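Student: Sharing a structure, written as structure tokens. Questions coming.
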């Protein structure tokens, strides 16, 4: 872990010249890091990286690199990291993180199969925004937007990926506890506009089964109608219960 150069270096046995395995200048895994301080492997030989100055943990597999803890500045629950410095797995697959900035050791229960994409469930739901759909003024704009609101019901506290897939430019919100269309900034932890590229929202975040989360799906431009497909990836299937028509 090369903190000063924001990269992960690999040195082959007997070699003095290293290869940038992960970092913005890596040919194989071009991924932006900020002062990585430690690495470890799980039982399946997936690489976990402490991306210290970004307050997150990164997972690197054979084909991709992605955030698994502390992603996208998420403020749900008290599991935010602050300058994490080290990490390790125990014999049961639990992940322990030295959360230096918060003066604590964090424990995360980790499924040994969570890196196996064949075991990740894909759950989809199609919704339609029409001229009879509910409208609201998001972000205090004077324009009105059609929207759909859904309660996310998750069977276990796990990480999930929630994204849209459609030809129109979407905007997504995830609220805690309650969504009030008359006060859209209340209970609003995170938003996303183009995290999934091509005008699609994308969230990668932990959802806790003792919490209540509301997904609000709308569009980037006001008064746009059309079909929107919601895709949710996770180790367990979730349920979306519509709260608005």
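Student: Would you call residue 12 under 19 Å from the mean Cα position of the chain (by Cα), part of a loop (DSSP other than H, G, I, E, B), surrounded by fewer than 19 Cβ atoms within 10 Å (Cβ to Cβ) and not assigned by TED's automatic domain parsing to the domain that holds residue 207?
Tutor: Here the answer is no, as residue 12 does not meet what is asked.
Student: Of all residues in segment 153-173, count the ones that are in a strand (DSSP E or B) and touching a residue at least 60 places away in the same chain (Cβ under 8 Å).
Tutor: Going through segment 153-173 one residue at a time, the tally reaches 9.
Student: Given the structure, is residue 114 surrounded by 15 or more Cβ atoms within 10 Å (Cβ to Cβ) and modelled with pLDDT of 90 or more?
Tutor: So residue 114 does not fit the description; no.
Student: Within segment 180-197, does at least one residue satisfy the condition of being surrounded by fewer than 14 Cβ atoms within 10 Å (Cβ to Cβ) and at pLDDT 90 or above?
Tutor: yes
Student: Have a look at 131, 142 and point out the one that is loosely packed, with under 13 Cβ neighbours inside 10 Å, in the same structural domain as residue 171 (by TED's automatic domain parsing), at pLDDT below 75 and in a loop (DSSP other than H, G, I, E, B). Lay out the reasoning, then the answer.
Tutor: Values: 131 fails: at pLDDT below 75.
Criteria check complete, one pass: 142.
Student: Here's a follow-up. Considering only segment 43-56, how many residues are surrounded by fewer than 22 Cβ atoms within 10 Å (Cβ to Cβ) and in contact (Cβ under 8 Å) with a residue 12 or more places away in the chain?
Tutor: Residues of segment 43-56 that are surrounded by fewer than 22 Cβ atoms within 10 Å (Cβ to Cβ), as a first pass: 43-47, 53-55.
Among the residues that remain, those that are also in contact (Cβ under 8 Å) with a residue 12 or more places away in the chain are: 43-44, 46-47, 53-55.
So the answer is 7.
Student: Please indicate, with yes or no, whether at least one residue in segment 218-238 is over 26 Å from residue 108 (Cα atoms), surrounded by 22 or more Cβ atoms within 10 Å (Cβ to Cβ), assigned by TED's automatic domain parsing to the domain that holds residue 131 and without any contact (Cβ under 8 Å) to a residue 60 or more places away in the chain.
Tutor: Checked against the condition, which is being over 26 Å from residue 108 (Cα atoms), surrounded by 22 or more Cβ atoms within 10 Å (Cβ to Cβ), assigned by TED's automatic domain parsing to the domain that holds residue 131 and without any contact (Cβ under 8 Å) to a residue 60 or more places away in the chain, segment 218-238 yields no hits at all.
The values are calculated or read from the model by the stated rules, or taken from the named source; none is laboratory data. Keep in mind that what you see is a predicted model, and the values were worked out from it rather than measured. Cβ coordinates were reconstructed from backbone atoms using ideal geometry, including for glycine residues, and neighbour counts include every protein chain displayed.
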